[in-house]
1. In the set Gly245, Gly255, which member is at pLDDT below 95 and either farther than 21 Å from Phe346 by Cα or crowded, with 21+ Cβ neighbours inside 10 Å (or both)?
2. Restricting attention to the stretch 430-445, report how many residues are in contact (Cβ under 8 Å) with a residue 60 or more places away in the chain and either more than 19 Å from Lys457 (Cα to Cα) or surrounded by 12 or more Cβ atoms within 10 Å (Cβ to Cβ) (or both).
3. Could you tell me whether the stretch 450-458 includes any residue that is closer than 30 Å to Tyr358 by Cα, part of a helix (DSSP H, G or I), out of contact with any His (no Cβ under 8 Å at 6 or more places or on another chain) and not hydrophobic (A, V, I, L, M, F, W, C)?
4. Among the numbered criteria (1) in contact (Cβ under 8 Å) with a residue 24 or more places away in the chain; (2) surrounded by fewer than 16 Cβ atoms within 10 Å (Cβ to Cβ); (3) among the acidic types (Asp, Glu), which single criterion is violated by Asp304?
5. Out of curiosity, is Val345 crowded, with 19+ Cβ neighbours inside 10 Å and within 21 Å of Arg218 (Cβ to Cβ)?
6. Looking at the stretch 252-263, can you tell me whether even one residue there is of a type in the set (Val, Ile, Thr), within 20 Å of the chain's Cα centre (by Cα) and in a strand (DSSP E or B)?
7. Need pairs with beta-carbon distance below 7 Å; first residue in contact (Cβ under 8 Å) with a residue 12 or more places away in the chain and within the stretch 387-405, second of a type in the set (S, T, N, Q) and in a helix (DSSP H, G or I); sequence gap 6+ or separate chains.
8. State whether the residues of the stretch 208-220 include one that is in contact with a helix residue (DSSP H, G or I) (Cβ under 6 Å, 6 or more places away or on another chain), open to solvent by less than 40 Å² (accessible area, probe 1.4 Å) and farther than 30 Å from Leu354 by Cα.
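The values are calculated or read from the model by the stated rules, or taken from the named source; none is laboratory data. None of the values given here were measured: they were computed from a predicted structure. Cβ coordinates were reconstructed from backbone atoms using ideal geometry, including for glycine residues, and neighbour counts include every protein chain displayed. To get the accessible areas, we keep the full protein, side chains included, count just its heavy atoms, and leave off ligands, DNA and RNA. Shrake-Rupley method; radii C 1.70, N 1.55, O 1.52, S 1.80 Å.
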Amino acid sequence: MADQKNLFLAVALSIVILISWNVMVEQPKIEQQKAAHEQQQAAQEAERQAQQSDAGQSRTPTGDSPVKAGDVAKIGPQLGAGAAPGTSGLAATGITREDALKKAPRLRIDTPRLRGSISLIGARVDDLTLKDYQVDLDEESAEINLLQPVHSDKPYYVEFGWLGNGIKLPTRETKWTPNGRSLTPDTPITLSWANGEGLLFEQVYRIDENYLVTVTQRVKNKGTKDVSVSPYGLISRTSRPDILGFYILHEGPLGVFDQTLKEMDYDDLFDDGAVQPPERQETSGGWLGFTDKYWLVALIPDADKRLKTSFNAGRRGLEPVFQTDYLGDAIHVPAGGSIERTDRVFAGAKEVLLLDKYAEEIGIVGFDKAVDWGWFYFLTKPIFYMLNWFFGQFGNFGLAILALTVVIKLAFFPLANKSYRSMNRMKVLQPKMMELKERYGDDKQRLNQAMMDLYKKEKVNPASGCLPMLVQIPVFFALYKVLFVTIEMRHTPFYGWIDDLSAPDPLTIFTGFGLFQWDVPELLSIFNIGLWPIIMGLTMFLQQRLNPTPADPVQAKIFLFMPLIFTFILAPFPAGLVIYWAWNNILSIGQQWVIMRKMNKAES
């Protein structure tokens, strides 16, 4: 009976990991391939229609915003709950990013970590490049272009403005006048525009040394009539971006409203070619925007004001347009008076300590939730902090993982110590167990009862061998989450051949462990095991040899194959996670060996 419990625990653990891997990795991979195929078909259809379209057909200018002041959107995107800018049907422009940037006069942005520009037509922040991050590990790889100009195929930009009735307001075609040439951390810039009817609109841009832009909007009423205006802010993103589609990672619209995190998938807003109803909510404080795995563009409104917010979608030709926005209450601007409103936008990498810093200094509720910490938040974030602290001590995240493993082993030391002692006692009791089996033969009931009496007499827990592994499962998934979602782990090397701890081991069987490179067929990928997973499997096998062999030969064979099964399961996981597991096995082997040696001495 006891051996059966051990078997069931081991099999259940294997099933949990196998199912989790299939749900979190394999199934999303299939969906991603399906989505890529559908996207390719849509692009081909768009090209066919463009070729057949009338060359003289009139089109809205390609710089249009998905929202248009004073017009309720025909295709869905709306600001808050009412009158909102809208979208016109636009076809893909087919021009390069560089050419798109030349379509409008621009105000340059230059900081230690960002380069880009603001379009002076429409006052949109639509050009940002991250200086510190590249697409891949190649030194010649391009830097990350986060925001995209409005005249490009897939615009991605931020816009602030005012809505109102019976007032001439700045629109997407308004040309703003700057008081300088470049926005830097030391030189804020003011954009201004007069409507010719006594109203002067200003937007003051300030940018820090990282990724935060502060926008102060002013309305000065030099006329003789009182007016009312409502502030808005929006982020518009054309086309569904390439996402990993992993169950454990959210990519898409999200926000914190009244201290509650809300996440939406792109398919919730635009599914099967159909625009879905917008998602609206009211809030005070918080933030909203779009998140990718490592990047975030988020509006951070004035926390003291009540707002109407929405996630919505529309069309730009055949492409979907996604939008997150907020609309504030109307503000009275008396004749001869003025008003102003200050909001912020974050556009950059989701660096944990930086998000925490902004959250504390500015009072942004739940800003750390831009990183998808998952269900094990209570473990995941502390593990990140520990890894980051060790990184500060050693200067290498691989060494930080090794140090973290030691800390975890120490935390579980009493439990593991008790378990290993019990397992060693089980090993000592094996001759007596074999005697009982020979004595009672096929009488399973009497054999089980005799076994239980023996365990009770010797004070042995037969299930204790699985406990150290079981308690590590939450830690295992929390560490996997940290390696998978935090940008601090992206492209971070270890020693030897591991140049990215967040990616699988690159030295695999079918590449001769690095001797030659070729695209391994998908059919063989499951057998394409890296060197570190092999090391992990060997250490797991050695650790298992220290445990008592199950009396049942079938169980013994199953346990014998467990290291091989785990080797295949963990092979596609991030190298940092496999290193953690292998190092944990080595520490466990040492711990078991010491305990066994002490107990053998005591008995002799």
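1. One residue alone meets the criteria, Gly245.
2. Summing the residues that are in contact (Cβ under 8 Å) with a residue 60 or more places away in the chain and either more than 19 Å from Lys457 (Cα to Cα) or surrounded by 12 or more Cβ atoms within 10 Å (Cβ to Cβ) (or both) in the stretch 430-445 gives 3.
3. no
4. All conditions are met except number (1).
5. Yes; evaluated as a whole, the condition is true for this residue.
6. Yes: one or more hits.
7. Here the result reads Thr405/Asn584, each pair linking the stretch 387-405 to a residue that is of a type in the set (S, T, N, Q) and in a helix (DSSP H, G or I).
8. No: zero hits.
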